[in-house]
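Here the structure is laid out as structure tokens; the discussion comes afterwards.
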Amino acid sequence: MIVILKKNPNERQLENLIQWLKSLNLDVHLSSGVDTTILGLIGDTSVVDIDLIRALDIVSTVKRVREPYKNANRDFHPDDTVIDVGGIKIGGGHRVLMAGPCSVESEEQIVAIAKRVKAAGAALLRGGAFKPRSSPYAFQGLGKQGLALLKIARAETGLPIVTELMTSSQLPLFEDIDVIQIGARNMQNFDLLKDVGMTDKPVLLKRGLANTLEELLMSAEYIMANGNGKVMLCERGFRTFETAMRNTLDLAAVPYLKEKSHLPVIVDPSHATGVAALVKPVSLAATVIGADGLIVEVHNDPPKALSDGKQSLTPDAFDDLARSVKDLYPYAYDLRKEGVL
Ligand code: PEP
Ligand code: MN
């Protein structure tokens, strides 16, 4: 980090600033020119509150040379993180399909879908039990019963389950869940992130509806700084001026995140587009651009789905998607092979 001071800084204030920075275990290099005085800070500057320094009388500007995240940063962890979910590996060249309904609706529904997506080659079963709905009058999910039904589907198929946690008080119910999903609406629920960070469960962290990639990485950092390194980043589109689709997908986020971070990157083509017919082409593009996995909504009877039917694929359409996606694995962009890393 570089701190550029105003002309002729007050000496006592400068000394106080230097002492304070040193107390944060940083090495401080002072260079005084005729017009400008600069402080170079060496060490773990992720602990420094940049706005606090900026606000000081003697400071003109502050520039970060390094990103404010450390645990999630590729610079500090050059090797890809590979997450193991009950023997299924994700990241570091291991690609997966996660699939299932938006919401768990009944035993019959979830078991039938689980069998179909497994047969198509999905490695994990998704399904919401606690649902973050825009309307309080919409179906809110089966809650605890939904989790029980997911476990029945897991017992029948062997597929590990990924399901959304909305609040810390639900955590005891998630002890036997394989992957905790943090939804877009909770990406910056920092207390929830800290609590999930204190578990040892793999986490699928979805990008918020209006969040930058740096904010996504800082949210991953919250989980990791609390001890849980098993984080997958999920790009699922966000709000823009465009209304033709449910969200606008940021496909370039995939290679960007993979360069900046060692964490696996998953793409959700279903929430990104909101339109079933667009899910396959977007999945193919996400695969070629290097995503470590896809999370796709599949329903046995989409028109009758209790949530997100419009974007849900039939099991037959998912069969077709899975075949086409797997055919593209050998062509997936790989930053290491391309010499970017
Ligand atoms: C979901 O996966 O069903 C979901 C609600 O996702 P998001 O948080 O990305 O909207
Ligand atoms: Mn959904």
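The values are calculated or read from the model by the stated rules, or taken from the named source; none is laboratory data. In this text the structure is predicted, and so the values were computed from the model without any measurement. Cβ placement follows ideal geometry from the backbone for every residue including glycine, while neighbour counts extend to all protein chains displayed. Remember, those area values only see protein heavy atoms, side chains included, never the ligands or the DNA or RNA. Shrake-Rupley method; radii C 1.70, N 1.55, O 1.52, S 1.80 Å.
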- Rounded to whole Å², per residue accessible area for the range 204-341 with a 1.4 Å probe reads 40 Å²
- DSSP beta bridges in the chain [antiparallel fraction, %, rounded to 5]: 45 percent
- Message: Helix-only mean residue ellipticity at 222 nm, the chain, DSSP H runs n ≥ 4 weighted -39,500 (n - 2.57), per residue, nearest 500. What is it?
- Response: -9500 deg cm²/dmol
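For the range 2-63, what percent of Cα pairs sit more than 14 Å apart? List each step's numbers first, then the result.
Details: 972 of 1891 pairs.
Taking all Cα-Cα pairs of the range 2-63, the fraction more than 14 Å apart is 51 percent.
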- Task: Could you tell me the distance between the Cα centroids of the range 236-288 and the range 43-82, to the nearest Å?
- Result: 28 Å
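Place the peptides 36-46, 178-188, 81-91 in order of packing, highest mean first, counting for every residue the other Cβ atoms within 10 Å and averaging per peptide.
Numbers: 36-46: 16.3, 178-188: 21.8, 81-91: 17.8.
Sorting 36-46, 178-188, 81-91 by mean packing, highest first, produces 178-188, 81-91, 36-46.
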- Note on the structure: The relative contact order of the chain, taking Cα pairs under 8 Å that sit 6 or more residues apart, comes to a percentage of 15 percent
- Note on the structure: The ³J(HN,Hα) series, computed from each phi in the range 305-313 with the Karplus coefficients 6.51, -1.76 and 1.60 at θ = phi - 60°, rounded to the nearest Hz and given as x for glycine or proline, is 4, 7, 7, 6, x, 4, 9, 8, 8
- Query: In square angstrom, what is the accessible area per residue of the range 2-63 with a 1.4 angstrom probe?
  - Reply: 63 Å²
- Query: What percent of all Cα-Cα pairs in the range 152-257 falls in each 5 Å bin, counting up from 0?
  - Reply: 2, 13, 22, 22, 17, 12, 8, 3, 0
- Note on the structure: Helix 11-23: inclination vs the chain longest Cα principal axis, degrees, rounded to 10, gives 40 degrees
- Which of rounded, prolate, oblate describes the range 83-331, given a ≥ b ≥ c as roots of the alpha-carbon gyration tensor eigenvalues and a/c under 1.5 marking rounded, otherwise prolate only if a/b is larger than b/c? rounded
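Which of the pairs 22/206; 118/144; 194/280; 63/201; 63/230; 194/260 have their Cα atoms more than 28 Å apart in this structure?
Values: 22/206 37 Å; 118/144 24 Å; 194/280 35 Å; 63/201 36 Å; 63/230 30 Å; 194/260 22 Å.
Check vs 28 Å cut-off fails for 22/206; 194/280; 63/201; 63/230.
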- In whole angstrom, how far apart do the alpha carbon centroids of the range 1-24 and the range 319-338 sit? 51 Å
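Which order do the peptides 157-166, 319-328, 261-270 take when ranked by the mean count of other beta-carbon atoms within 10 Å per residue, highest first?
On the way: 157-166: 22.2, 319-328: 16.5, 261-270: 27.2.
The peptides rank, most packed first, as 261-270, 157-166, 319-328.
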- Message: Treating only the Cβ of Lys, Arg, Asp and Glu as charged (+1, +1, -1, -1), what charge dipole size does the chain show about its Cα centre? Round to the nearest 20 debye.
- Response: 320 debye
- Message: Give me a comma-separated list of calculated 3J(HN,Hα) values for the range 159-169, in order, Karplus coefficients 6.51, -1.76, 1.60 applied at θ = phi - 60°, integers in Hz, x for any Gly or Pro.
- Response: 6, x, 10, 10, 8, 7, 9, 9, 8, 4, 5
- Ignoring ligands, DNA and RNA, what percent of the 1.4 Å accessible area of the chain is carbon and sulfur? 52 percent
- residue 194 accessible area, nearest 10 Å², 1.4 Å probe? 80 Å²
- Note on the structure: Highest mean packing first, using Cβ neighbours within 10 angstrom, the peptides 167-173, 70-76 sort as 70-76, 167-173
